[in-house]
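This report refers to the structure that appears directly beneath it.
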Amino acid sequence: MEYRFVDCRWALDDPGLGLRVYREAHIPGAAFLDVERDLAAPAGAAGRHPLPSLEQFSAAASRAGIGPETFVVAYGSLGGAERLWWLLRHFGHGDCAVLDLDAWHGPLVGGEEQIEPAVFEARERDDDTISRDELAQRREQLVVVDARLEPRWRGEPNPVDRVPGRVPGAVNAPWNTLSVESTQGLPAGDVVAYCGSGITACVVLHRLQLAGRTGRLYPGSWSEWEQHPELPVERSEA
């Protein structure tokens, strides 16, 4: 088995940031995958960051040197590493882990890497996501977890959400403070995680996995839900 570091840093308000910081300094030998172009399909009716197709993800993973015998170590920002971790598992590749770059005490290098392409063998799962319709019908029977920061979960006006609010009944577990230990505070039951567009919700699912629990991703997340005025919206009173 070989190891492959993959840099998944990105910023919602600066599409070019990830590649810039990768070129400035990255873990030696690391490949770079772009959250917007490699780990998501184009924005539209399915939300701001829909899941990539099997073909799109397979091409990106192959270009990053991820083959059937590759153990992937992803690092990033704003849930990028956890998005790759989740997508790899979604497409049948379970040999992956997430690294906090601040915990890396080895060298960093700049520039580009000459990554030898591999052949990624995708086997897409059908049991780790939930559709908008199923969530709307069954939300009262599920543990719905909103990974956005508390002001957005409360429904306060903000520059990201066109319609402020949350899925009714959703509990808040902000992605940026969530630890493996804090997932123990989530209610028992079948977990569905969502966020603004399906990226930081993967942080919730990663931490749950480390804690021995599983959950499903609502890929469209709030950026899909808010497009449907027939769906209920809940807000907290000021």
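Cut-off 10 angstrom, C-alpha nodes, Gaussian network model of the chain. Which of T70, T214, T177 fluctuates the most?
Looking only at T70, T214, T177, the largest GNM fluctuation is found for T177.
Could you work out the helix-only [θ] at 222 nm for the chain, with each DSSP H run of four or more residues adding -39,500 (n - 2.57) and the total divided by the number of residues, to the nearest 500 deg cm²/dmol?
The helix-only estimate for the chain comes to -6500 deg cm²/dmol at 222 nm.
Hey, in the GNM for the chain with a 10 angstrom Cα cutoff, which one of R138, R48, R148 fluctuates hardest?
R138
Normalised by the number of residues in the chain, what is the relative contact order in percent for Cα pairs under 8 Å and 6+ residues apart?
That works out to 22 percent.
Note down the net charge around E134, summing +1 for each Lys or Arg and -1 for each Asp or Glu among other residues with Cβ under 15 Å from its Cβ.
Summing Lys/Arg as +1 and Asp/Glu as -1 gives -3.
Nearest 20 debye, what's the magnitude of the dipole of the stretch 66-213 about its Cα centre given +1 on Lys and Arg Cβ and -1 on Asp and Glu Cβ?
Numbers: 14 positive and 22 negative charges, 136 e Å.
Charge dipole, the stretch 66-213, about its Cα centre: 660 debye, nearest 20.
In degrees from 0 to 90, rounded to the nearest 10, what is the angle of the helix 201-210 Cα long axis to the longest principal axis of the chain?
70 degrees
Could you give the dipole magnitude of the stretch 1-135 about its Cα centre, charging the beta-carbon of Lys and Arg +1 and that of Asp and Glu -1, in debye to the nearest 20?
Around 200 debye, computed over the stretch 1-135.
In the stretch 131-238, which GluC sites (Glu not before Pro) are in a loop and have at most 10 other Cβ atoms within 10 Å, using DSSP for the loop call?
Of the GluC sites (Glu not before Pro), the ones in loops of the stretch 131-238 whose Cβ has at most 10 other Cβ atoms within 10 Å are E230, E237.
Note down the accessible area of S182, probe 1.4 Å, to the nearest 10 Å².
Only protein atoms counted, so the area is about 50 Å².
If you place +1 on the Cβ of every Lys and Arg, -1 on the Cβ of every Asp and Glu, and leave all else neutral, what size is the dipole of the stretch 60-107 about its Cα centre, to the nearest 20 Debye?
Taking the Cα centre of the stretch 60-107 as origin, the dipole is about 200 debye.
Using alpha carbon centroids, what distance separates the stretch 1-44 and the stretch 46-73, in Å?
About 12 Å separates the Cα centre of the stretch 1-44 from the one of the stretch 46-73.
On C-alpha positions alone, give me the angle between the axis of helix 80-90 and the longest principal axis of the chain, in degrees, nearest 10.
Helix 80-90 sits roughly 90 degrees off the main axis of the chain.
Round to a whole number: what % of the accessible area of the chain belongs to carbon and sulfur, probe 1.4 Å?
51 percent
Please give the net charge around P164, taking every other residue with its beta carbon less than 12 angstrom from that of P164, where Lys and Arg add +1 and Asp and Glu add -1.
Around P164, the charge tally is +2.
Any idea of the accessible area per residue across the chain, 1.4 Å probe, to the nearest Å²? Don't skip to the answer; put the middle values down first.
Numbers: 11040 Å² over 238 residues.
It amounts to 46 Å² per residue over the chain.
The values are calculated or read from the model by the stated rules, or taken from the named source; none is laboratory data. Predicted, not measured: the structure shown is a model, and the values here were computed from it. Note: ideal-geometry Cβ built from the backbone for every residue, glycine included; neighbour counts use all protein chains shown. When the accessible area is computed, the model is the full protein with side chains, heavy atoms only, and any ligands, DNA or RNA have been set aside. Shrake-Rupley method; radii C 1.70, N 1.55, O 1.52, S 1.80 Å.
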